[in-house]
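Visitor: Dropping a structure here in structure tokens format, bear with me for questions.
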2 protein chains.
Amino acid sequence: MKYTAHINVMPLKELLDPQGKAVNNSLHNLGLTNVNDVRIGKHISLHVEAAGKDEAEKITREACKRLLANQVMESFDFTLTEG
Amino acid sequence: MKYTAHINVMPLKELLDPQGKAVNNSLHNLGLTNVNDVRIGKHISLHVEAAGKDEAEKITREACKRLLANQVMESFDFTLTEG
């Protein structure tokens, strides 16, 4: 069966996020002063061919750990949908 | 009230995504050959201070249109949660 994984890779909360900080300032400069705590990470979507949802989850987790996320600096989470 | 916006900015489906293609190939090289159609975009989280959910949505949409997404090449979607 075919699954779609929606993966978010974000900088760890304990770390500074200079890109987020810069965007935060830019939003304020545009007049959007009600916005704060901007953090920027990656969103990755991919298709997984697997026998079941458990296997798809295992494959996605392995992809995150081995390539997509640098766990020293980033955390990841994902959801799986069919199709 | 305080809302958290979870924003995804992705390259348009009609466009090539060379970063996604490179990651796709890397995953295959790592032995994860069941993975395909990798596309990579940005995930942005931010806090919005607004009177209600409608206003929070309006502010988030404006932030996406004016700064976060380049609508020539990217599409965006977001969800809002309280707190």
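The values are calculated or read from the model by the stated rules, or taken from the named source; none is laboratory data. From a predicted model like this one, the values you see are computed outputs, not experimental measurements. Here Cβ is always computed from backbone atoms with ideal geometry, including for glycine, and neighbour counts include all displayed protein chains. What goes into the accessible areas is simple: the full protein's heavy atoms, side chains included, and nothing from ligands, DNA or RNA. Shrake-Rupley method; radii C 1.70, N 1.55, O 1.52, S 1.80 Å.
Visitor: All but one of (1) touching a Phe, Trp or Tyr at 6+ places or on another chain (Cβ under 7 Å); (2) not β-branched (Val, Ile, Thr); (3) not in a helix (DSSP H, G or I) hold for B:Ser75, so report the exception by its number.
Guide: All conditions pass for B:Ser75, except number (1).
Visitor: Does region A:11-34 hold any residues that are small (Gly, Ala, Ser) and surrounded by 15 or more Cβ atoms within 10 Å (Cβ to Cβ), and which are they?
Guide: Selection gives A:Gly20, A:Ser26.
Visitor: Which residue is farthest from A:Glu62 (Cα to Cα), if the candidates are limited to region A:5-24 and must be facing chain B (nearest Cβ under 10 Å) and part of a strand (DSSP E or B)?
Guide: Checking each candidate, the answer is A:Met10.
Visitor: If you check A:Glu82 against the conditions, is it open to solvent by 50 Å² or more (accessible area, probe 1.4 Å), closer than 27 Å to B:Asn36 by Cβ and not hydroxyl-bearing (Ser, Thr, Tyr)? I'd like the intermediate steps shown before the answer.
Guide: Working: open to solvent by 50 Å² or more (accessible area, probe 1.4 Å): yes; closer than 27 Å to B:Asn36 by Cβ: yes; not hydroxyl-bearing (Ser, Thr, Tyr): yes.
Answer is yes for this residue.
Visitor: Also, I was wondering about something else. Mind checking whether some residue in region B:48-59 is at pLDDT 95 or above and of a type in the set (Lys, Arg)? Steps first, please.
Guide: Taking region B:48-59 and keeping what is at pLDDT 95 or above, we get B:48-59.
Narrowing further to those that are of a type in the set (Lys, Arg): B:53, B:58.
Within region B:48-59, one or more residues are at pLDDT 95 or above and of a type in the set (Lys, Arg).
Visitor: Go through region B:30-59 and count every residue that is touching a residue at least 40 places away in the same chain (Cβ under 8 Å), in contact with a helix residue (DSSP H, G or I) (Cβ under 9 Å, 6 or more places away or on another chain) and more than 7 Å from chain A (Cβ to nearest Cβ).
Guide: First pass over region B:30-59, keeping only residues touching a residue at least 40 places away in the same chain (Cβ under 8 Å): B:45-53, B:56.
Now narrow it down to the ones that are in contact with a helix residue (DSSP H, G or I) (Cβ under 9 Å, 6 or more places away or on another chain): B:45-46, B:48-50.
With more than 7 Å from chain A (Cβ to nearest Cβ) added as a condition, the list becomes none.
Count: 0.
Visitor: So which residues in region B:31-70 are closer than 20 Å to A:Asn24 by Cα and within 12 Å of the chain's Cα centre (by Cα)?
Guide: B:Gly41, B:Lys42, B:His43, B:Ile44, B:Ser45, B:Cys64, B:Leu68, B:Ala69, B:Asn70
Visitor: Tally up the residues in region A:1-25 that are within 29 Å of A:Thr81 (Cβ to Cβ) and among the acidic types (Asp, Glu), please. Break it down stepwise before answering.
Guide: Start the filter on region A:1-25 by keeping residues that are within 29 Å of A:Thr81 (Cβ to Cβ), which leaves A:1-13, A:17, A:19-20, A:23.
Pick out the ones that are also among the acidic types (Asp, Glu) and you get A:17.
Of the residues in that region, 1 qualify.
Visitor: Would you confirm, using the coordinates I've provided, whether B:Arg66 is open to solvent by 20 Å² or more (accessible area, probe 1.4 Å), free of Cβ contacts under 8 Å to residues at least 24 places away in the same chain and either more than 7 Å from every other protein chain (Cβ to nearest Cβ) or acidic (Asp, Glu) (or both)? Outline the logic, then answer.
Guide: Values: open to solvent by 20 Å² or more (accessible area, probe 1.4 Å): yes; free of Cβ contacts under 8 Å to residues at least 24 places away in the same chain: yes; either more than 7 Å from every other protein chain (Cβ to nearest Cβ) or acidic (Asp, Glu) (or both): no.
Against the criterion (open to solvent by 20 Å² or more (accessible area, probe 1.4 Å), free of Cβ contacts under 8 Å to residues at least 24 places away in the same chain and either more than 7 Å from every other protein chain (Cβ to nearest Cβ) or acidic (Asp, Glu) (or both)), B:Arg66 does not qualify.
Visitor: Would you confirm, using the coordinates I've provided, whether B:Asp37 is open to solvent by 20 Å² or more (accessible area, probe 1.4 Å) and within 17 Å of A:Thr4 (Cα to Cα)?
Guide: Details: open to solvent by 20 Å² or more (accessible area, probe 1.4 Å): yes; within 17 Å of A:Thr4 (Cα to Cα): yes.
It is true that B:Asp37 is open to solvent by 20 Å² or more (accessible area, probe 1.4 Å) and within 17 Å of A:Thr4 (Cα to Cα).
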